[in-house]
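Asks: Below are the structure tokens for one structure; questions will follow.
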Amino acid sequence: MTAITGECFCGGIGYEIKGSLAPARSCHCSRCRKAFSGAGSAMSRVDPATFTWTRGEELLQTYVNREGAGLGFCRRCGTTLCGLFDGEVTGITLGSLNGDPAVIIGEHIFVASKAGWDEIGGKAPQFDAWPASDGKPLGGSKA
């Protein structure tokens, strides 16, 4: 299996995943819009045991809330790279991946609170909040 790699915008931080990515999730809540400066987040779960920082970990800045969930980003260029839970990388942002890791958006969540200008495309199922099958964050938290 070929490793999946990714990096921030300035190239200062790099990572590798020795495994596969789960179908991705796009969250349209107001908190994800702020954290990602866009329509929301696009992240995929990653097994922490398969994830390694390959360079620039000293540039990694984190924001973690009182529940232990948060985000990791480059302090030089600001790229949001990963979701964190209890100090481990549990999700990776799709925009930071290199090449084509053959992952798709599997679901859109918190669609009930999406921005009025956000037009969701594709055929992935849409949920007003957490899907009944899985209420676990990839990073951050939903208020």
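Quick note: the coordinates plus some simple rules give every number you see, no bench work behind them. Here the structure is a predicted model, which means the values were calculated and not measured. Note that we place each Cβ from the backbone using ideal geometry, even for glycine, and neighbour counts take in every protein chain shown.
Asks: With +1 on the Cβ of every Lys and Arg and -1 on the Cβ of every Asp and Glu, and nothing else charged, how large is the dipole of region 4-113 about its Cα centre, in debye rounded to the nearest 20?
Replies: On the way: 10 positive and 10 negative charges, 79 e Å.
Charge dipole, region 4-113, about its Cα centre: 380 debye, nearest 20.
Asks: Once Rh for region 4-113 is found with the Kirkwood sum over Cα pairs, what is the Stokes-Einstein diffusion coefficient at 20 °C and 1.002 mPa s, in µm²/s? Present the calculation step by step, with values, prior to reporting the outcome.
Replies: Numbers: Rh = 13.9 Å.
Value of D from the Cα-based Kirkwood radius: 154 µm²/s.
Asks: Compute the relative contact order of the chain as a whole-number percentage, counting only Cα pairs closer than 8 Å that sit 6 or more residues apart in sequence. Display every interim value, and only then the final one.
Replies: Values: 314 pairs, mean separation 39.2, N = 143.
Worked out over the chain, it gives 27 percent.
Asks: Also, quick follow-up: If you build a Gaussian network model of the chain, linking Cα atoms that sit under 10 Å apart, which residue out of 50, 93, 79 swings the most?
Replies: 50
Asks: Additional query: Going by Cβ distance under 4.7 Å, what cysteines of the chain have no possible disulfide partner?
Replies: Result for the chain is 29, 82, no neighbouring Cys Cβ within the cutoff.
Asks: Where a Cα-Cα gap under 12 Å defines reach, which aspartates and glutamates qualify for residue 114, not counting those fewer than 8 residues away within the same chain?
Replies: 128
Asks: While we're here: Among 30, 69, 125, whose Cα sits farthest toward the positive end of the charge dipole of the chain (+1 at Cβ of Lys/Arg, -1 at Cβ of Asp/Glu, about the Cα centre)?
Replies: In the chain, that residue is 30.
Asks: Within the set of other residues whose C-beta is less than 11 Å from the C-beta of residue 55, count the net charge using Lys and Arg as +1 and Asp and Glu as -1.
Replies: Working: positive: none; negative: 7, 16, 57, 58.
Spelling it out: positives minus negatives among the neighbours equals -4.
Asks: Can you give the FRET efficiency for residue 132 and residue 86, using 1/(1 + (r/R0)^6), R0 = 41 Å, r = Cβ-Cβ distance, to the nearest 0.05? Let's see the in-between values first.
Replies: On the way: r = 24 Å, r/R0 = 0.59.
Once rounded, the FRET efficiency stands at 0.95.
Asks: OK, next. Can you give me the distance in nm between label points at residue 10 and residue 47, each placed 7 Å from the Cα along the Cα-to-Cβ direction?
Replies: 3.4 nm
Asks: Next question, about the same structure. Could you pull out every residue, at least 5 positions away or on a different chain, whose amide H is within less than 5 Å of the one on residue 55? Hs are placed 1.01 Å off N in the peptide plane, and Pro or chain starts have none.
Replies: Excluding prolines and chain starts, which carry no amide H, the hits are 14.
Asks: Can you list the aspartates and glutamates whose alpha carbon sits under 14 Å from that of residue 123, skipping same-chain ones fewer than 8 residues off?
Replies: 107
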